[in-house]
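This report refers to the structure that appears directly beneath it.
FYI, it's all coordinate maths here, none of it is from the lab. Just so you know, these numbers come straight off a predicted model, no measurement behind them. Heads up, the Cβs are rebuilt from the backbone with ideal geometry, glycines too, and the neighbour counts pull from every protein chain shown.
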Amino acid sequence: MIHVQTKTSLGHRRTDNWYLRRTTLVCCLMVTVSECTAAPPQAAAKPQGDKAEWPQFLGPQRNGISTETKLLDSWPTKGPQEVWRTAGGVGMSGLSISRGRLLTLIQKDGQQWLIAKDAQSGESIWQTAIAPEYRNQMGNGPRGTPAIAGDQVFVFSGEGILAAANFNDGKILWSHNVVKELQGQPAEYGMACSPLVVGDQVIVTAGAPQATVVAYETKSGKLAWTAGDDVAGYSSPALLNVGGRPQIVVYTGSSVLGLTPASGTVLWRHPYPTNFDCNIATPLDVKGQVFISSGENHGSTLLALKLRGNKFDVEEVWTSQGASSVLRNEWQTSILLDGHLYGMDNVGGAGPVTHLTCVNAATGERVWQKTRFGKGNLIAADGKLFISMMSGELVIVRASTSKYDEIGRAVVIGSTRQAPALAGGMLYLRDNQEIISLDVRKK
């Protein structure tokens, strides 16, 4: 096991309890920053149609990576061309795109709404109320990103209502108040999980007694299985091929779990507690191993799984923890490209200082760091990082393992924590008021 030690400049961290809880609330709320087509059981869900798809949280494979090519490699004089801009609404939901439609969750007029817009024009197609408005002292509205799977869309509201809607017209097909029905308590900062579709099941975290994770049948809405007894946390589950087999990997508020997709049987559990249960980033597959990271001066760990009978033993390949950690993802999932992790390293307890960092995924060694880069969220395509900043800037950076290489930046929207979505050469972003489309194709 490698214990990575690095030098990192730290800002002052106040010890006042109110301040710590308040700043941590901000951290924990923003999961998009807290979804794909149906696939055969124990197989990764695949997008429909061509590359013009971003059908779930973090894109087609739930890793923040698009296979699109021929995108901008130099900054236009006036920045990327704006295609359209339209009214949206309050909320922390990301954007999902499939078959020419953009879907997201917003809050307005006393309701949480699932809305569908034309991805080419921004014109409204339909909107459906899924739950009463959700209010929280550190941010209102829904958190999870819709999952588009065939002719269905799955959404998870701020208080924990899981609903299935018809993709064509938005009609509600079934709905469950998951947390209430399973006798749980909503997470302190809102239910932030984005639904995951695996085969004929849709999976979310609930954090209820004996039901950290729950699966429902996609067509009937019938409860299929429950698993675990941890608090929910704010991360979204992922289907990863780790330890030599497909597993649903769930980052809870106090651990990371591996589950059998069909039944929810717990295959392994690795404790990973953080302040206020603020495990937010989605787990990643690094050559069959599991990468996890948390902010609050926590750190990162790469886990190897060793099969023993029907279960797995867990071993830390490398770990980098505390104030000197190489990477502390606050609410952003890192991007894994060519054996390197590109991610946001947040200094202190949800503090204002965040570095953009490149880390060797196999060893945990820092390759480069752009200090005080600022808070943002990122996806990748065509060898580039597309980063949406809390400042409202869009920043495009080459995914280089040798140095920080910025292509350009411009303010394009209001303050946002949601990662962009990419489909058909169009980059989509949102804030609490608007949704925009930018043309990022190479000219």
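Numbers below:
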| read-out | value |
| --- | --- |
| Charge dipole (the chain, unit charges on Cβ, about Cα centre) - positive-most of THR301, ALA262, THR128 | THR301 |
| Cleavage-rule hits (trypsin sites (Lys or Arg not before Pro)) in the range 54-93: DSSP loop, at most 15 neighbouring Cβ within 10 angstrom | LYS70, LYS78 |
| Sequence of TYR404, TYR134 once ranked by neighbouring C-beta atoms within 10 Å, starting from the fewest | TYR404, TYR134 |
| Ratio of Rg to Rh over the range 285-443 (Cα coordinates, Kirkwood Rh, two decimals) | 1.01 |
| Of LYS222/LYS287; LYS78/LYS442; LYS70/LYS403, those spanning more than 26 Å from alpha-carbon to alpha-carbon | LYS222/LYS287 |
| Phi-based couplings in Hz for the range 360-376 (Karplus 6.51, -1.76, 1.60; Gly and Pro marked x) | 5, 5, 6, 10, x, 8, 6, 9, 8, 8, 9, 5, 6, 5, x, 7, x |
| In Hz, Karplus ³J(HN,Hα) per residue of the range 146-153 (6.51, -1.76, 1.60; θ = phi - 60°; x = Gly, Pro) | x, 10, 9, 9, x, 8, 10, 10 |
| Overall form of the chain per C-alpha gyration tensor (a/c, 1.5; a/b vs b/c) | rounded |
| Estimated [θ] at 222 nm from DSSP helical runs (n ≥ 4, -39500 (n - 2.57)) normalised by residues in the chain, nearest 500 | -1000 deg cm²/dmol |
